[in-house]
Amino acid sequence: MRVADYDAVVVGSGINSLACAALLAREGWNVCVLERERELGGAIRTAELTQPGFHHDVFSAWHPLWVGGPAHAALGDDLAARGLEYLNTDHPTGTAYPDGESVFLTTATEANAAELERHSAGDGDAWRDAIAGVGAQAELVFGVLGTELWSGAGAGLALKAYRRLGRQGLAVFGAEAVQSSRDWLTTTFRSERAHGLLAPWVLHTGLGPDAAASGFMTRVIAFAIEAGGMPVPRGGGARLVDSLVRLIEDHGGVCETGRDVERILVAHGQAEGVRVAGVGAVTASRAVICNVTPTQLYGRLLDPADVPGEVREAGRRFRFGRSEMQIHFALSEPPRWSGDERLGQTAIVHLTSGLDGVSRAVNEAERGLLPAEATVVVGQPLTVDESRAPGGRGLLWIQLQELPWRVKGDAAGELETGDGTWTESLRERYADRIQARIGLHVPNLESSILGRLVLSPADLQTANVNLAQGDPYSGSLALDQNFLWRPFARQPGHRTPVDRLFHIGASTWPGPGLGAGSGTLVANALLQPPAAERLARRFSRLMQRGQA
Ligand SMILES: Cc1cc2nc3c(=O)[nH]c(=O)nc-3n(C[C@H](O)[C@H](O)[C@H](O)COP(=O)(O)OP(=O)(O)OC[C@H]3O[C@@H](n4cnc5c(N)ncnc54)[C@H](O)[C@@H]3O)c2cc1C
């Protein structure tokens, strides 16, 4: 590899790394991205996993957070010029219940209000009010999610909120922000069908419906899905990675695979580069940006002598959330759903008995049990992008977000869980149970399977060290590790005890997902002119105004 002196070295090639490197490279920084695996992209990968011609998004698949996020706003045109194309749908999500009933969310407020009204009189207006409520506070709500909270910008946002809402309004905003999904849903909608439509979405934020702040996330997601649909890149998530890498390279940057960073080089309290296993030192004169978990940052990459003991200890105690399983199916024909024909056109269908069903499965997983009735996320990428499989075939992306890392037992009392590790046998038997559940809604599933590939929590951890304990979100999002306290209270935000060393990735604020929020926040901070220069510019503007 070219061992040069870079402006910035980025450790890991997840979406936050690539967005950060692209933003810096475009402004003339000489950047180097180092990835330990054979492919770039971290939790974004597209592969013919099951059969030739079936292009599966192996991990993440749905890009509303990217398309609605700040990195896409800044880089979208450059990426489109390098071949990235987004496809979307008017039928982003729905829930199918065991009794054959279903409920849907589209990209139109009136259609959604009518759909909820169909289930219970009054819920249509409740929906309109809920959407209007988030819309009226959009600047604040999305401001919170896109701001470095421990910074001047964070303080500015708090001041703006106070000016706009007043003392009482701010108190209400804060209370609503920490409310649980259950409390918000049950005080807003009468119909349990409406609860079951939205409750599964909190799983996609790493929470459960009884967790603090899950109500806030439910409202944000409801608004975001209605406004943004369920976009995916044509051809698979890897096309986003390809275009970001091309953009970085077009600006002179370097992206290397098979490079395991084993140490951050620190001198006089300042990061000066990294040491790559089997290669040696790669130096960086302006920043080292690490997309890793706190456990790796403080437990492996930094010499204990370079970090205060209490920060190192807090990093060691960083907690991971529930584990996850992915199941990929290649089918000889499209899934034929029983019940409402809209199920076959919907990008993501949740199978659940409702709010209490999600709550129970989350609680079982958190107590170490395989849930008796998991919430099954049935992703249907072909409803948005037909190019993912040969004509007339079917392809399913299944996600199970309520699993324990160490399995103490089976809440259904069916499966032998052995020593509690994720063996191949436990993985396949659990996947069989889920396959049977889907089969109750998709009668042709069993007969049409051409290929199935299952990734257990252990497989996820093996594929990407940041998915520690099979946690797809790289760290529990319990309130003490979320918002102001992510990744952890002793060292929140993206700065570290080492000068010029920055911490990004799903473990850091604003958390997981493809929004690239942490990479963008750090890139923007690095691209800001130094304080003295900013002061001089402001002074000269004031002078000009004075002369005018
Ligand atoms: C199965 C699954 C499904 C998901 N579905 C969605 C979805 O549909 N939509 C959505 O918005 N989000 C989804 N998510 C969440 C989202 O994909 C992740 O939060 C996001 O991709 C994480 O990006 P990241 O920048 O934190 O880095 P990651 O993608 O975690 O990548 C980090 C990279 O750093 C590398 N690395 C770590 N340590 C080192 C080292 N020492 N040296 C060199 N390299 C190193 C790792 O190998 C890895 O490639 C999903 C996640 C999973 C796992």
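The values are calculated or read from the model by the stated rules, or taken from the named source; none is laboratory data. Keep in mind that what you see is a predicted model, and the values were worked out from it rather than measured. Ideal geometry is used to build each Cβ from the backbone, glycine not excepted, and the neighbour counts take in all protein chains shown.
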So if I check each of G258, G269, G228, G236, which one is more than 13 Å from the ligand (Cβ to nearest atom) and either in contact (Cβ under 8 Å) with a residue 24 or more places away in the chain or closer than 22 Å to W66 by Cβ (or both)? G269
Filtering the range 291-306 for residues that are out of contact with any helix residue (DSSP H, G or I) (no Cβ under 6 Å at 6 or more places or on another chain) and touching a residue at least 24 places away in the same chain (Cβ under 8 Å) leaves a count of 9
The conditions are (1) under 29 Å from N524 (Cα atoms); (2) away from the ligand (no atom under 14 Å from the Cβ); (3) buried (at least 24 other Cβ atoms within 10 Å of the Cβ); (4) not β-branched (V, I, T), and D5 fails exactly one of them. Which is it? (3)
Determine whether the range 95-105 contains at least one residue that is in a helix (DSSP H, G or I) and either over 18 Å from A177 (Cβ atoms) or not hydrophobic (A, V, I, L, M, F, W, C) (or both). no
Pairs please, first residue from the range 419-439 and closer than 15 Å to A365 by Cα and of a type in the set (S, T, N, Q), second anywhere and at pLDDT 95 or above and assigned to a helix (DSSP H, G or I), Cβ atoms under 9 Å, 6+ apart in sequence or on different chains. T421/A458
Report, by residue number, each residue of the range 310-343 that is closer than 19 Å to P200 by Cα and among the small types (G, A, S). G321, S323
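Okay, residues lined up against (1) among the hydrophobic types (A, V, I, L, M, F, W, C); (2) buried (at least 19 other Cβ atoms within 10 Å of the Cβ):
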residue: L301; (1), (2): yes, yes
residue: P304; (1), (2): no, no
residue: G309; (1), (2): no, no
residue: R322; (1), (2): no, yes
residue: R342; (1), (2): no, no
Condition check: within 13 Å of the ligand (Cβ to nearest atom) and touching a helix residue (DSSP H, G or I) at 6+ places or on another chain (Cβ under 6 Å). Does W62 satisfy that? no
Quick one: W184 ticks every box in (1) crowded, with 19+ Cβ neighbours inside 10 Å; (2) out of contact with any His (no Cβ under 7 Å at 6 or more places or on another chain); (3) within 22 Å of Q345 (Cα to Cα) bar one, so which box is it? (3)
Just to verify a result, which residue in the range 20-38, among those that are within 8 Å of the ligand (Cβ to nearest atom) and closer than 30 Å to A389 by Cβ, is surrounded by the fewest Cβ atoms within 10 Å (Cβ to Cβ)? E37
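Being of a type outside the set (F, W, Y) and in a loop (DSSP other than H, G, I, E, B) narrows it down to one of A365, A374, so name that one.
A374
Name the strands (runs of 3 or more DSSP E) wholly inside the range 214-289 in which the number of residues that are buried (at least 22 other Cβ atoms within 10 Å of the Cβ) is 2 or more.
Because the criterion is at least 2 residues that are buried (at least 22 other Cβ atoms within 10 Å of the Cβ), the strands (runs of 3 or more DSSP E) in the range 214-289 that meet it are 261-267, 270-276.
To keep it simple, each residue is scored yes or no on (1) modelled with pLDDT under 95; (2) outside any helix (DSSP H, G or I); (3) of a type in the set (D, E); (4) away from the ligand (no atom under 16 Å from the Cβ).
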{"site": "T417", "(1), (2), (3), (4)": "no, yes, no, yes"}
{"site": "R429", "(1), (2), (3), (4)": "no, no, no, yes"}
{"site": "A436", "(1), (2), (3), (4)": "no, no, no, yes"}
{"site": "L453", "(1), (2), (3), (4)": "no, yes, no, no"}
{"site": "Q461", "(1), (2), (3), (4)": "no, no, no, no"}
{"site": "P472", "(1), (2), (3), (4)": "no, yes, no, no"}
{"site": "S476", "(1), (2), (3), (4)": "no, yes, no, no"}
Residue that is charged (D, E, K, R), within 16 Å of the ligand (Cβ to nearest atom) and under 20 Å from H350 (Cβ atoms), where the choices are D57, D99: D57
Hits in the range 344-391 (condition: touching a helix residue (DSSP H, G or I) at 6+ places or on another chain (Cβ under 8 Å), of a type in the set (D, E, K, R) and surrounded by 22 or more Cβ atoms within 10 Å (Cβ to Cβ)): R388
Look at G493 and say whether it is within 11 Å of the ligand (Cβ to nearest atom) and at positive phi. no
Only residues that are of a type in the set (S, T, N, Q) and either near the ligand (Cβ under 8 Å from one of its atoms) or at pLDDT below 95 (or both): list them for the range 272-292, please. N291
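Matching residues to (1) touching a Cys at 6+ places or on another chain (Cβ under 8 Å); (2) within 16 Å of the ligand (Cβ to nearest atom); (3) assigned to a helix (DSSP H, G or I); (4) in contact (Cβ under 8 Å) with a residue 60 or more places away in the chain:
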site: F318; (1), (2), (3), (4): no, yes, no, yes
site: I327; (1), (2), (3), (4): no, yes, no, yes
site: E333; (1), (2), (3), (4): no, no, no, yes
site: V349; (1), (2), (3), (4): no, yes, no, yes
site: R360; (1), (2), (3), (4): no, no, yes, no
site: V378; (1), (2), (3), (4): no, yes, no, yes
site: L400; (1), (2), (3), (4): no, yes, no, yes
Please work out which one of (1) outside any strand (DSSP E or B); (2) within 22 Å of T375 (Cα to Cα) is the condition G511 fails and give its number. (2)
Look at V10 and say whether it is within 11 Å of the ligand (Cβ to nearest atom), farther than 20 Å from G470 by Cβ and crowded, with 21+ Cβ neighbours inside 10 Å. yes
From A111, A43, A74, A126, which residue is at negative phi and part of a loop (DSSP other than H, G, I, E, B)? A43
Quick check, is A314 more than 16 Å from the ligand (Cβ to nearest atom) and either modelled with pLDDT under 95 or not in a loop (DSSP other than H, G, I, E, B) (or both)? yes
Out of the residues in the range 413-459 that are of a type in the set (S, T, Y) and within 19 Å of E373 (Cβ to Cβ), state the one that is nearest to the chain's Cα centre (by Cα). Y430
R82 being more than 9 Å from the ligand (Cβ to nearest atom), surrounded by fewer than 24 Cβ atoms within 10 Å (Cβ to Cβ) and more than 30 Å from A224 (Cα to Cα): no
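Results for (1) surrounded by 15 or more Cβ atoms within 10 Å (Cβ to Cβ); (2) farther than 13 Å from I327 by Cα, shown as yes or no for each residue.
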| position | (1), (2) |
| --- | --- |
| I438 | yes, no |
| P443 | no, yes |
| A458 | yes, yes |
| Q461 | yes, yes |
| V465 | yes, yes |
| G475 | yes, yes |
